[in-house]
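To start, the structure itself, in structure tokens.
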Amino acid sequence: MAAASRNRARDKYSVLLPTYNERENLPLIVWLLVRSFQESGSNFEIIVIDDGSPDGTREVAEQLEKIYGSDKILLRPRAKKLGLGTAYIHGMQHASGNFIIIMDADLSHHPKFIPEFIRKQKEGNFDIVSGTRYKGNGGVYGWDLKRKIISRGANFVTQVLLRPGASDLTGSFRLYRKEVLQKLMEKCVSKGYVFQMEMIVRARQLGYTIGEVPISFVDRVYGESKLGGNEIVSFLKGLLTLFATT
């Protein structure tokens, strides 16, 4: 028991924040993250992976690094947009934590849920804790009816075809053991919105345990949503590929 307590005391959480044109959102999400971790007493670092944002996101991140210290805010930019999966791989290479938290930088995911993720992980010794919009008091705010139907429909079809053992497949607010995320990244081949879904499906295949925490998802505060017709077509293609190969 004492050894387990010592290990938990040494736990460190590395938040990976991929950004593209998030100049307005980044200072607020970082402030909320810092406050959440400090209040819960958890050791943390925030890794900002900016993909050459033309709106000055990188310059804002540099200022945040000065304000909070380079031990807490690590700016690890890339020259251009190279996709979410490679952003996580890039961020993990610089992560010193034994747990990785992935989330959106656009304020869709509130850091207030992170202590619940951490509690849930310890409670069940889970390999992954996933935020869910479709269980308990979870929900979605700020979406029109069309987008809610698309999201619910995508999740329903995925549940029927893949039986993944988790209620929210397309969400991107999760906590992973670092070594588990590394292993999953080696296995995953999908791009775009299918990527998050494949991570859970592969996790089930590999026998990893998944806990869930109900979350409120709020549509992005500043900037434009990146979901369009092309993404929906890509999602359906990727879903069928996963169905055929898993």
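Within the range 165-208, being touching a Pro at 6+ places or on another chain (Cβ under 6 Å) and β-branched (Val, Ile, Thr) holds for ILE200, VAL201. If you go through the range 200-219 and keep only what is without any contact (Cβ under 8 Å) to a residue 60 or more places away in the chain and in contact with a helix residue (DSSP H, G or I) (Cβ under 6 Å, 6 or more places away or on another chain), you end up with VAL201, ARG202.
So which of ALA61, ALA95, ALA87 ends up being over 17 Å from ARG23 (Cα atoms), modelled with pLDDT of 95 or more and not hydroxyl-bearing (Ser, Thr, Tyr)? Only one candidate passes the filter, namely ALA95.
Scanning the range 138-152 finds one or more residues that are within 22 Å of MET199 (Cα to Cα), in a helix (DSSP H, G or I) and either of a type in the set (Ser, Thr, Tyr) or modelled with pLDDT of 80 or more (or both).
Just the residues that are open to solvent by less than 30 Å² (accessible area, probe 1.4 Å), outside any helix (DSSP H, G or I) and at pLDDT 80 or above, please, taken from the range 153-207. Selection gives SER172, PHE173, ARG174, LEU175, TYR176, CYS188. Residues that are open to solvent by 10 Å² or more (accessible area, probe 1.4 Å), more than 15 Å from LEU107 (Cβ to Cβ) and at pLDDT 95 or above do not occur anywhere in the range 13-32. For the range 122-137: of the residues being basic (Lys, Arg) and surrounded by fewer than 18 Cβ atoms within 10 Å (Cβ to Cβ), which is nearest to TYR208 (Cα to Cα)? Top of the filtered list is LYS122. Filtered by the rule that a residue be over 14 Å from ALA105 (Cβ atoms), in contact with a helix residue (DSSP H, G or I) (Cβ under 6 Å, 6 or more places away or on another chain) and of a type in the set (A, V, I, L, M, F, W, C), the range 35-59 gives a lone residue, PHE44.
The residue of the range 107-121 that is least open to solvent (accessible area, probe 1.4 Å), among those that are farther than 19 Å from LEU75 by Cα and part of a loop (DSSP other than H, G, I, E, B), is SER108. The residues of the range 74-106 that are open to solvent by 40 Å² or more (accessible area, probe 1.4 Å), among the hydrophobic types (A, V, I, L, M, F, W, C) and touching a strand residue (DSSP E or B) at 6+ places or on another chain (Cβ under 9 Å), listed by number, are ALA79, LEU82, LEU84. Is it true that some residue in the range 49-70 is out of contact with any Asp or Glu (no Cβ under 9 Å at 6 or more places or on another chain), within 21 Å of ARG119 (Cα to Cα) and surrounded by 18 or more Cβ atoms within 10 Å (Cβ to Cβ)? Within the range 49-70, not a single residue is out of contact with any Asp or Glu (no Cβ under 9 Å at 6 or more places or on another chain), within 21 Å of ARG119 (Cα to Cα) and surrounded by 18 or more Cβ atoms within 10 Å (Cβ to Cβ).
The values are calculated or read from the model by the stated rules, or taken from the named source; none is laboratory data. Only a predicted model underlies this, so the values are computations on that prediction, with no experimental measurement involved. Note: ideal-geometry Cβ built from the backbone for every residue, glycine included; neighbour counts use all protein chains shown. SASA here: full protein model, heavy atoms, side chains in, ligands and nucleic acids out. Shrake-Rupley method; radii C 1.70, N 1.55, O 1.52, S 1.80 Å.
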